[in-house]
Each structure stands twice: as structure tokens, then as C-alpha cells.
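Input: a single structure, listed below in C-alpha cells.
The values are calculated or read from the model by the stated rules, or taken from the named source; none is laboratory data. None of the values given here were measured: they were computed from a predicted structure. Here the Cβ positions follow ideal geometry from the backbone for every residue, glycine too, while neighbour counts run over all protein chains shown. Protein only, heavy atoms only, side chains kept; ligands, DNA and RNA dropped before computing areas. Shrake-Rupley method; radii C 1.70, N 1.55, O 1.52, S 1.80 Å.
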Amino acid sequence: MPGRLEELLAMVATASRGFEARELSTDRLFPSPVNARKEVGDITELRDSIREQGILEPLVVRPGEAGKYEVIIGSRRLACAKELDMSVVPVVIQRISDSDAIVRSLVENLHRGDLSLEERVIAYRRLHRFDPERFGSTKGLSRAIGRSHQKIVEDFQAYEAMQRLRPSGVEVSGGLPPQSARRQSRSAIPERHATLLEQAIASVRSRVPADRLDSLYEELARMIAPLEQERARRLLDFFKMYPDKPLEEIESMALATIERAISIPADTARQIEELASSTGERRDWSEVITELVRTSNGEQEPSDEQQAQAPVAPPSGGVTNIVSRPSTPAAETPRQDDETPTVQYELFGTPEEVTGEKLVNKTIWNLEHAQIQADFYTVGFSGKEIPELVRILRAAGVTNLVDVRHSRLTPYKPEYNNGVLEAALNADGIEYNHRPDLGVPSELPAHARTYGSKEDVWSWYDDVVVPKIDQEGPAEFVNSLGETVAFMDADADPTESHRHRIALALERGELRGYDL
């Protein structure tokens, strides 16, 4: 009797904990229909390990019908056990709901990286059906399964692209290296490419005829299939700016820009581009460069127009990405002592008068005396030395500076290119955070000047970047960045800057902003 009493006490104790550990025969176990994972995949290595060492980690099960048990976690181990003719396996019995069972299965397999895109999204949707109040939003899913909100959103976007591409025979798959035969044959794209593709199509959907969307999906997917992720992103960025242009022209523009940025200084690249387009009929770069080489060797006399547009000799050492700026930076422009100093806009290269320390003093005076109340701030560092910027931020009570430049390399204020700013901010108790995803790739304004206008850049920004803010919610977005936040880019005039687009988006959410 004492042994039976101890057994009963143990059963009561395990029941109070919500689980029971024991061994069950394999013929009483079956994979749960709510499992996120549907296929066990290749179990060869796992089977060999279990043959040598046994099952080291118990399966997680819940009671089913007719004395059987559903396997929530461990379907692969169960498959191995049955192949090895094991009669019993260790289990932990838990009495949990369908939605909790899906969550457990999702979390386990996500951490292992075992789930396909389709399995993840189907599991998300099941959770939504089981408990709309708890899992009706991507944020609710994120809290429940420990996967970031952004990754869940991207899973849905990639899945949408997958569904669109299936009829055309283009596959969306995880783990496809660039040299994969399927990618090189343009019959498959990685999940990340699919996410970028759906984001691009979504941003221009209102500007593209509905009957053109399916063919666009396929054409763009095959175009980006063999490209590395950054190249695919750049090509799709150009598509978002110029959805009305032929895709072949967009591909040529985007990929040519990449090659030029790798090998040719910015000023030279821009001037060669101007020469290539100067005759009205666009020529290939190789023709222009060959012509310039012959001219420099005295083989022919250049025209007056060519002389005026001939590129400057490239600077020695280093490679410069193409950015929108004049051939002679403002810092190098000779000026008389009585001239007003100028700086250049980071995006469009427009000269601007600045007043240096007087402007800084005016800003600080207003902050200290005008009782300015703001939910967030924006600031441009043009015309400000780092100590002056820090003074302004401190006067505004800023605790977190968010650098929204796509790249921290700027030709106008080299001191803002390295860790000097971050160190100065940290010394004054201000956190620094670089968010390139809120920036503008340098190629876009450069091409907007040639093919369109700055409004094309703002349209791209509102279609591609601002939805990230809207999706999270303006207040939640700002709160996630710190206590008192300032968004920083280069330009002094906020209306010429993409930080202004952030401010407008936040103000639509009834937040108050102030530009420092």
C-alpha cells in the first residue's frame, strides 16, 4: 500500500503542475493535426542518433480520443522510434488548448528553423481562426511566439508573392544560394526576394493596371532570381520609382548603377552619364569612355559641348558610391571672406545659406524660452559642428538620436562619417541609433535628377518607407525608439529632407513635432 500511496501522491503533484512525465507505447501516439510542421523531412541523422543514444528529450503530447495521444512536439522523434521498432518512448503529457498547441509547435520549430514559409503562414492563420482576439494582429502573434513583428509581416508578404507566382512556375524557397541551379535558371527565388517583390508591387499597385499585375510578378521575379539580395533590392527600388518604364530599361539603370558605384568615383560617373545622354540618343558608357580616352591621347578634337562636360580626373585611392552632389564640394569651393558660407543638400546638391553659431544660438534660445512641447524632434546637421548639435539636443531634452541616413558616409561633413558623433552623444547621455531602413538610397535622388524630379523620391519614400511607421502605429513607433526622440539627417531645411516625410507621417497620427 505505501507504494500505491506514493504513486497516487505523485500523480496529484504532476496534475497540479499541469503535466505528467511517463512512457507511452508508440502505437498510442500520432502527430497532432494542429502541428505547424506537416512533413518530417529527412530523419536519417536523427534516426542514427536515437539508435545509438535513445530519445534524450521527451515528446510533448496531449490526450486524444480512444486512449490515444496527439504529439505536439516530437513528430520526427516518433517517426524515428517507429522505424527503429521501439515499443515505448518518454513523453510529457499536457492538457492544452488547440491554440496553445499550435503556439508550442510553432515556437519549437521556429527556433529549430525547421518550418517552411507556407507552414509558418498556415500556422499563423490557424491561430487567428482559433483565437481572433489574442492572435488577430501580427503584434499579438509576435508576443505569443517570440518572432519579431517585422518578420511575421515579411512572412505574409513573401507568402502573397508565393501564391501569385505559383501559376507561372516560379518557386519561392528558403536556403537558395546565389549559384543555385534553380536561381540561375530563373525558376526560383529566395524568401527574402519574394518579400521585397511583394513590397515593390504593393507600393505601385494603384499605378499599375490590375490585368498587368500577374505578368509583372513573374517578369520581376525571373529578373531578380539570380541576383544577390542587395542587387535585387536596388532593381526593385528603381521599379518603385519608375513603374511605367519598361522593365529592361529599369534593369539596365539599376545594375549599371551598381557597377559604376563599385568602380568609378561619383563625380566622374555622373558626368559620363551626362555625356552619354547629351546627344539626344543615349549611348553606352563604353562608347563615351573610349571616346574620352582617344581625346586625351590627341586622336580627335572634342566639341565645345564635350569640353564643357568632360569629367574631371578621378581622385586617387578609394571608391565612392554615386551620390547627388556637385562636382566640386562646397568645402573646396574658393570664396572671398565676405561671402556667405554655403553647404550642400545631402540628397539633391542644392546650395543653401547657413548662419553657423548664430542659428544654433537662436534655436537654443527658443527651446529654453518658448515652452515648446513636442512628441518628437527632427534635426539636420548641415551647418552645425558636432558640439553645436549636442548643445541643441541637450537643450531640447533629447535622450535618443535616430540617424535616418541610408549611409553614414557623407562627403560634406566627414566628421559625421565615423564614431565621433556617437561618442560625443554618449558622453552627454544621449543614445545613438542608426536606422538605414528609414533612409533614401543614394542612387534614387541621383536618377530622379536625370529621369524625373525630387517628387519621385518623396513618392517612393511615402510608398515604401512610411508604411512601416503606419503599420506599427505612429505613437508605438516613436515610443519604441526611446524616451525623447530626434530624427537626424543632413539637410538644414527639413522640407528638402526625408526626415520631413517621417514628421508628416507622425503628425497624421496626431503627434507634435518640432524641427531643431
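Here Arg22 meets the list (1) open to solvent by 50 Å² or more (accessible area, probe 1.4 Å); (2) in a strand (DSSP E or B); (3) modelled with pLDDT of 85 or more almost entirely, failing just condition (3). Thr484 satisfies every condition listed in (1) within 18 Å of Asn433 (Cβ to Cβ); (2) open to solvent by less than 10 Å² (accessible area, probe 1.4 Å) except (2). Can you tell me which residue in segment 137-172 is farthest from Arg212 (Cα to Cα), limited to those that are touching a Leu at 6+ places or on another chain (Cβ under 8 Å), of a type in the set (Gly, Ala, Ser) and open to solvent by less than 40 Å² (accessible area, probe 1.4 Å)? Among those that are touching a Leu at 6+ places or on another chain (Cβ under 8 Å), of a type in the set (Gly, Ala, Ser) and open to solvent by less than 40 Å² (accessible area, probe 1.4 Å), it is Ala144. Scanning segment 112-124 turns up no residue that is open to solvent by 50 Å² or more (accessible area, probe 1.4 Å), without any contact (Cβ under 8 Å) to a residue 12 or more places away in the chain, at negative phi and of a type in the set (Gly, Ala, Ser). Please specify each residue of segment 394-434 satisfying the condition of being open to solvent by 60 Å² or more (accessible area, probe 1.4 Å), of a type in the set (Lys, Arg) and not in a helix (DSSP H, G or I). Hit for segment 394-434 is Arg408, nothing else. The condition of being at pLDDT 85 or above and small (Gly, Ala, Ser) holds for Ala188.
Within segment 64-91, being on the phi > 0 side of the Ramachandran plot and surrounded by fewer than 17 Cβ atoms within 10 Å (Cβ to Cβ) holds for Ala66, Gly67, Asp85.
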